[in-house]
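Below: one structure, written as structure tokens.
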Amino acid sequence: MTRMNIGLQMYTLREALAEDFEGTLRKVAAIGYEGVEFAGYGGMDANSLKNLLDELQIKAIGSHVPLTSLLERLDEEIEYMKVIGGKYIVCPWLPVDERDEAAWEGHVEAFRKIGEKVAAAGLVFAYHNHDFEFHVKMDGQPVFDALYSKIDAAHLQVEMDIGWVQYAGNDPLAYIRKYSGRLPLLHLKDYQDGSFEQSAIATVELGRGKLALNDIIQVAEESEVEWIIVEQDICMNPPLEAVAESFEWVKNNYMNK
């Protein structure tokens with residue numbers, strides 16, 4: 001089996017990025033991450049960001065792109081992604097008032113068209129889950145599953161956030177296996193139950209929570225996952241320290257084995 005690459009979802013460092021985008025990216029590269037998944041580009045033009053990534057020898061995995069941008073400026077998002085050398089354009093979130101069954105019917109059609117256009121450009125469109133996709137039904141199944149059953153794999157891939165999968169009451173290992181071959185990106189997240197800043201999920205550094213991370217990594221590798229992407233929605237410790245600790249956990253429990 002080919003070793004999975006290790007990346008970071010930059011949303012975890014959003015406050016540091018807002019203060020110093022380039023400096024924060026340099027610190028991520030120094031920690032040892034092999035790739036980054038963006039959630040905004042800090043106002044940098046694509047060529048400048050590409051030059052910085054090349055200098056740091058870190059890859060652009062792709063980017064989380066808001067639904068409004070996917071619908072209104074997809075051509076620009078595709079062109080930017082191609083310049084920086086990324087592969088994945090990901091819808092990361094849906095507004096609270098866009099999550100009922102009727103809204104999902106519209107999302108399916110929109111995602112199909114987006115995926116066709118992204119694929120025609122030589123890139124890959126994916127959807128990133130939270131927990132709400134498992135609590136609404138479409139055609140008798142959770143919309144998470146209905147979404148992928150209704151759209152061809154050539155036009156929609158899975159970016160599975162394994163922390164939210166477990167939080168929603170599902171078996172994370174079973175869900176990884178279910179989407180084997182269609183799951184290039186896996187958000188590796190750990191959490192403890194509790195309340196933190198009005199959240200019912202307190203995300204923590206890898207190894208400090210309740211997920212069976214070693215088993216998850218093994219099954220992910222068997223299921224042809226390309227990138228493990230570390231993400232912490234809310235950090236209780238300084239975010240750069242948190243992502244450094246999580247990288248050390250991955251290095252010690254996966255990369256060095």
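Okay, here's what the table says:
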| quantity | calculated |
| --- | --- |
| Stokes-Einstein translational diffusion, the range 20-156 - Kirkwood Rh over all Cα pairs, 0.890 mPa s, 25 °C, in µm²/s | 154 |
| Filter on Lys50/Lys251; Lys50/Lys189; Lys87/Lys189; Lys210/Lys251; Lys87/Lys117 - keep pairs with C-alpha separation over 24 Å | Lys50/Lys251; Lys50/Lys189 |
| Shape parameters for the chain, alpha-carbon atoms, Rg then Dmax in Å | 17.3, 50 |
| Mean Cβ count within 10 Å, highest first, over the residues of peptides 2-9, 46-53 | 2-9, 46-53 |
| Whole-Å semi-axes of the range 20-94's equivalent ellipsoid (Cα gyration tensor) | 22, 13, 11 |
| Simple Cβ-charge dipole of the chain, Lys/Arg +1 and Asp/Glu -1, about Cα centre, in debye nearest 20 | 660 |
| Packing-based ranking, highest mean first, of 225-236, 102-113 given that Cβ atoms within 10 Å are counted | 225-236, 102-113 |
| Mean separation of Cα contacts under 8 Å (6+ apart) over length of the chain, as relative contact order % | 18 |
| Kirkwood Rh and Cα Rg combined as Rg/Rh, the range 129-174 | 0.96 |
| The range 152-257 - percent relative contact order, Cα under 8 Å, separation 6 or more | 26 |
| Relative contact order (%) - the range 1-99, alpha-carbon pairs under 8 angstrom, separation at least six | 25 |
| Residue order, fewest to most beta carbons within 10 Å, for Ser223, Ser246, Ser149 | Ser149, Ser223, Ser246 |
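Taken together, the values in this text are just the output of simple stated rules run on the coordinates, not laboratory data. The model shown is predicted, which means the values in this text are computed figures rather than measured ones. Note: ideal-geometry Cβ built from the backbone for every residue, glycine included; neighbour counts use all protein chains shown.
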